1. Can you list residues whose amide H is under 5 Å from L187's amide H, if they're 5+ apart or on another chain and H is modeled 1.01 Å from N?
2. Distance check, please: which entries in K142/K196; K81/K143; K78/K143; K78/K150 exceed 25 angstrom between their Cα atoms?
3. Using Cα-Cα distances under 8 Å and only pairs 6 or more residues apart, what relative contact order does region 142-206 have, in percent?
4. Pairs of alpha-carbon atoms within less than 8 angstrom and 6+ residues apart define the contacts here; what relative contact order does region 57-212 have, in percent?
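Only the coordinates and a few stated rules stand behind these numbers; no lab work does. Here the structure is a predicted model, which is why all the values come from computation and not from measurement.
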Amino acid sequence: MTDETKKNGPDAATADKAAEAVSAAFEDVADNGADAEIASEPDPLELLKAENAELRDRFMRLAAEMDNLRRRTERDVKDAKSYAVSGFARDMLAVSDNLRRALDVIPAETRGAADATLTTLLEGVEMTERAMLSALDRHGVKKIDAEGQKFDPNFHQAMFEIPNPAVPNNTVVQVVQAGFTIGDRVLRPAMVGVAKGGPKLEAAAEPAGEKK
C-alpha cells in the first residue's frame with residue numbers, strides 16, 4: 001500500500017476511481033453532444049438549393065398568372081370592340097323591321113299602278129332599308145339565312161308548324177322575322193315556321209342506293 005492508501009484506507013482509493021470514471025463519462029457526453037450539434041446544422045448549399053427552388057416555383061406561378069391576365073384582357077378588349085354596338089344594332093333592326101312592314105303592306109297591284117310620287121316614296125323607303133342593313137353589316141351584323149335550312153334552336157325560334165309531307169320534317173319553310181348575328185353570337189334569332197309530317201332530314205339526305 002502507498003502512504004496515501006495507508007493514510008486514507010481502501011475506501012478513499014475507490015472513491016478516487018469513481019470520480020475519475022464519472023469525469024470521463026461527462027467528457028464523453030460533452031464530446032458526443034458537440035458532434036451531434038455539428039451534425040444537425042443544415043448544409044448551407046442545401047439551403048440555397050431549397051430557396052432557389054421555392055423562388056423558381058413562385059416565379060413560374062406569377063408568370064402563369066400574368067399570362068392568363070394578358071389573355072383575359074385581350075379577350076375583353078376584343079369582345080368590347082365586337083359587341084359594343086349590340087344594343088344599338090338591335091334597336092336599328094327594329095327600325096328596319098318597320099320599314100319592311102311598311103313596304104309589305106302595299107299590295108303588288110297597288111305598286112304597279114302607283115303614280116310617280118308613290119313610286120318614288122316606296123323606292124326611298126327601300127333604299128333606306130338597304131342602307132341601314134348595309135351599315136349594320138359593316139359593323140359585323142349579318143343576316144341569318146334560315147329558309148330551307150334545318151331548324152336550329154341556336155339560330156331559329158319556331159313560331160308555328162306547317163304540315164307539308166313533301167318537305168323534310170323540321171325544315172324552315174317560312175321566315176316571319178329575319179334573324180341576325182353579330183360576330184359569333186346571335187343578336188336576334190330568326191322567327192320561323194317549320195315543316196311537319198315530311199321525311200326525316202337524315203333519311204332524305206341518305207343516297208337512294210344505300211337505303212335498306
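1. F180, T181, I182
2. Exceeds cut-off: K142/K196; K78/K150.
3. Reported as a whole number, the value is 41 percent.
4. 20 percent
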